[in-house]
1. Is it true that some residue in region 69-80 is within 24 Å of residue 238 (Cβ to Cβ) and either in a helix (DSSP H, G or I) or without any contact (Cβ under 8 Å) to a residue 12 or more places away in the chain (or both)?
2. Restricting to region 131-148, what's the tally of residues that are part of a loop (DSSP other than H, G, I, E, B) and open to solvent by 10 Å² or more (accessible area, probe 1.4 Å)?
3. Being part of a loop (DSSP other than H, G, I, E, B) and surrounded by 22 or more Cβ atoms within 10 Å (Cβ to Cβ) is the filter here; which residues of region 197-223 pass it?
4. Look at residue 185 and say whether it is open to solvent by 50 Å² or more (accessible area, probe 1.4 Å) and among the aliphatic types (A, V, I, L, M).
5. Name the residues in region 85-113 that are open to solvent by 50 Å² or more (accessible area, probe 1.4 Å) and outside any helix (DSSP H, G or I), would you?
6. Among the numbered criteria (1) at pLDDT 95 or above; (2) touching a helix residue (DSSP H, G or I) at 6+ places or on another chain (Cβ under 6 Å); (3) under 30 Å from residue 240 (Cα atoms), which single criterion is violated by residue 94?
7. Only one of these conditions is not met by residue 151: (1) outside any helix (DSSP H, G or I); (2) of a type in the set (A, V, I, L, M, F, W, C); (3) surrounded by 14 or more Cβ atoms within 10 Å (Cβ to Cβ). Which number is it?
Amino acid sequence: TTSTTSTSVAVPLKTVPRAPKAKLSQHRALVVAPQFFARSLSCEGEVETAVRHLRNADPLLASLIDLHPPPTFDTFQTPFLALTRSILYQQLAFKAGTSIYTRFIALCGGENGVVPETVLSLTPQQLRQIGVSGRKASYLHDLARKYQTGILSDSAIVNMDDKSLFTMLTMVNGIGSWSVHMFMIFSLHRPDVLPINDLGIRKGVQLLNSLEELPRPSQMDQLCEKWRPYRSVASWYLWRFVEAKGAPSSAAAVAAGASLQPLPQEEHQHQQQPQLLDSINSILDL
């Protein structure tokens, strides 16, 4: 034990004179940053930290923060259940989606029974009888097969970095980039997700910055750079902002467990779900 301690102390003492201070501090930042930024928004005090950072980083966003209570990220489901649920709710109003989801859960023997083996055992005919389309049945089976073959797993999903997770989940039929962004924010509570293709977020950025036109997805990263590493929380406030202006908010749908649908149909989704514009806070309590 003594030799280990002396070695660990000796190494930095030898290297300090040789390395410029700037490089050392940069190295330390690289080591520390992933551990800090990876903290889930459901960790105690993390939302408060995020709100404080955003308030200081952007005076325009600070004015929105003053108008709304802070978000809560305290809903938990296994990743497989959450992804299954998101597929079932696609392109459906909350009431219709809930009806089908309830029958699906009963077919699986409860939420604890929603596992890959059970889903694969359900035939398209069985799923059609409870209102699941053939297309959605194929999506469910594709997700379950990727779990069964080990391409995906709950533990892998929870531990993947954002970029890897995005790549892996978009390999599943029926799950597009918009769906993954919503899953990362509302199910995994990742702190720094910016849904650049979401119509509500783009509209919010336009209104907040008084832009003449809707910003293109390619412009969004630059416009929202100052919100790092808490762009998920900033997005939540933008959804509330747009919702208050009377425009549809996809966040309300997602928080309700509804329609995580692929990007090509995103604009239709906003038109199809006006009844889902309840308060995000009250829906998250569900």
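1. no
2. Residues of region 131-148 part of a loop (DSSP other than H, G, I, E, B): 131-133.
Subsequent filtering for residues that are open to solvent by 10 Å² or more (accessible area, probe 1.4 Å) retains 131, 133.
Of the residues in that region, 2 qualify.
3. 198
4. Values: open to solvent by 50 Å² or more (accessible area, probe 1.4 Å): no; among the aliphatic types (A, V, I, L, M): yes.
Here the answer is no, as residue 185 does not meet what is asked.
5. Scanning region 85-113 gives 91, 109.
6. (1)
7. (3)
Let's see how each residue does on (1) under 20 Å from residue 131 (Cα atoms); (2) among the polar types (S, T, N, Q); (3) out of contact with any Ser or Thr (no Cβ under 6 Å at 6 or more places or on another chain):
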position: 60; (1), (2), (3): no, no, yes
position: 64; (1), (2), (3): no, no, yes
position: 70; (1), (2), (3): no, no, yes
position: 77; (1), (2), (3): no, yes, yes
position: 83; (1), (2), (3): yes, no, yes
position: 87; (1), (2), (3): yes, no, yes
position: 90; (1), (2), (3): yes, yes, no
position: 100; (1), (2), (3): yes, no, yes
position: 109; (1), (2), (3): yes, no, yes
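The values are calculated or read from the model by the stated rules, or taken from the named source; none is laboratory data. Here the structure is a predicted model, which means the values were calculated and not measured. Neighbour counts are summed over all protein chains in view; Cβ atoms, including those assigned to glycine, are modelled from backbone coordinates with ideal geometry. When the accessible area is computed, the model is the full protein with side chains, heavy atoms only, and any ligands, DNA or RNA have been set aside. Shrake-Rupley method; radii C 1.70, N 1.55, O 1.52, S 1.80 Å.
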